[in-house]
1. Take the residues in the range 30-64 that are open to solvent by less than 30 Å² (accessible area, probe 1.4 Å), in contact with a Ser or Thr (Cβ under 9 Å, 6 or more places away or on another chain) and among the aliphatic types (A, V, I, L, M), then tell me which one is farthest from L141 (Cα to Cα).
2. Taking R332 and the conditions (1) in contact with a Gly (Cβ under 9 Å, 6 or more places away or on another chain); (2) in contact (Cβ under 8 Å) with a residue 40 or more places away in the chain, which numbered condition does it fall short on, given that it satisfies the others?
3. Restricted to the range 36-65, and to residues that are in a strand (DSSP E or B) and among the small types (G, A, S), which residue is farthest from D77 (Cα to Cα)?
4. For the range 275-309, which positions are part of a loop (DSSP other than H, G, I, E, B) and open to solvent by less than 10 Å² (accessible area, probe 1.4 Å)?
5. Select, from R185, R213, R200, the only residue that is more than 20 Å from the chain's Cα centre (by Cα) and at pLDDT below 95.
6. Filter the range 244-266 down to residues that are in a strand (DSSP E or B) and either touching a His at 6+ places or on another chain (Cβ under 9 Å) or surrounded by fewer than 17 Cβ atoms within 10 Å (Cβ to Cβ) (or both), then give me how many there are.
7. State all residues of the range 64-75 that are touching a residue at least 60 places away in the same chain (Cβ under 8 Å) and either of a type in the set (D, E) or more than 19 Å from G117 (Cα to Cα) (or both); if no residue qualifies, say none.
8. For residues that are touching a residue at least 12 places away in the same chain (Cβ under 8 Å) and open to solvent by 50 Å² or more (accessible area, probe 1.4 Å), scanning just the range 310-324, find the one that is farthest from I261 (Cα to Cα).
Amino acid sequence: MTVRKILMTVDTVGGVWQYATDLAAALTALGQEVTLAILGPPASPDQVRTAEAAGCEVQETGLPLDWLADGPAPVQDAARQLVQLARSADADLIHCNHPAYAAAAGWPAPVIAVAHGCVSTWWRAARGTPVTEAFRWHADLTRQGLLAAEIVVAPSASYARDVQVTYALPRLPVAVHNGRASRPRALPARDDLFALTVGRLWDEVKQASLLDRVAAQIDLPFLAAGSLTAPHGEQALLQHLQTLGAIPAAQLDALLAARPIFVSAASFEPFGLAVLEAAAAGCALVLADMPSFRELWDGAAMFVPVASEDAYAEAIATLAGDPAKREQMGRRAQEHALRYTPEHTAAAMTALYDQVQPHRVAA
């Protein structure tokens, strides 16, 4: 197997961090060398330890994160600096988890762009319209980056189709499912039955406000873990969910170890690492009936109409009142989760790396 120096862009705000560090650990185990170039807010001490445990070199770039930028100029300047970083790192391949930066000229090695989610696809899902003029620059830069990359990857086939349509791409992105590393089993945080949702609670496509109304209808506690405040200041105002805020991984593991009924009402989700974590822990899943969840979890979850709070409440009540069914659904989810591991993702990505970088590319 070819040993490569891979420069991988990453941010600390959302699921890209988990994806990147789990994938990097699997790639390192295969003998690859991975440098994580952090965009946007700096990594926390816990995140730095996670990256170092994965065997990565960490570069705190201080460069702006594209979807938090005010316009194209800072992103274009940051992309030029990333090109220089790739040169100084003697990178053999660029794994760009933020396609807008792939549009830069002068990359010293092939670029694979991975579309985890973006303003334009989010906007179409949340608002039902193309992105507004205020964010058109981001759509333009992202399209340029997707077209410039040797290969475009998406974490699900359904999202690959969404990306192709949104950006009028001549080729369908390659679907490579995400994976999540297994962790040591934690002791359950509690012994009562409860419902749980996890995600960016401020993000309207996660539909925390709908689940807040569901929490008012059901007879068991409904916990919600995740940030209530967006990086740009937007806040989720919730009355009935028991909000925990952003919690450490160990605390989340302990909650999942209690095997709650896990609920995601997301109306837009390119993959959904939180669902995978819950499934791996053996939680029964109640999921919004939308394309990526169907693709990933058909036969291993209860699906309900995306916008029906009554349907969510009914599904939760059904599982709460039927321990045997709840245990059966948890087993199905856990078995299904074995399909989605960092090792599977690393093997698929390595095959793509081999297509674009069979030998070192001169700087």
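The values are calculated or read from the model by the stated rules, or taken from the named source; none is laboratory data. Just so it is clear, the model here is predicted, and its values are computed rather than measured. Please note: Cβ atoms are built from the backbone with ideal geometry, for glycine as well, and neighbour counts cover all protein chains shown. The accessibility values were calculated without ligands, DNA or RNA, using every heavy atom of the protein model including side chains. Shrake-Rupley method; radii C 1.70, N 1.55, O 1.52, S 1.80 Å.
1. The initial filter retains those residues of the range 30-64 that are open to solvent by less than 30 Å² (accessible area, probe 1.4 Å), namely 32, 34-40, 43, 51, 54, 56, 63.
Okay, now just the ones that are also in contact with a Ser or Thr (Cβ under 9 Å, 6 or more places away or on another chain), so 32, 34, 36-40, 43, 51, 54, 56.
Subset that is among the aliphatic types (A, V, I, L, M): 34, 36-39, 43, 51, 54.
On the way: V34: 26, L36: 22, A37: 19, I38: 19, L39: 16, A43: 25, A51: 29, A54: 31 Å.
Here the answer is A54.
2. All conditions pass for R332, except number (2).
3. Applying the filter and picking the extreme gives A37.
4. Passing the criteria: G282, C283, A284, A300.
5. Values: R213 fails: at pLDDT below 95; R200 fails: more than 20 Å from the chain's Cα centre (by Cα).
Checking each option against the conditions leaves just R185.
6. Matching residues across the range 244-266 total 1.
7. Answer for the range 64-75, where residues must be touching a residue at least 60 places away in the same chain (Cβ under 8 Å) and either of a type in the set (D, E) or more than 19 Å from G117 (Cα to Cα) (or both): just D66.
8. Selected residue: D310.
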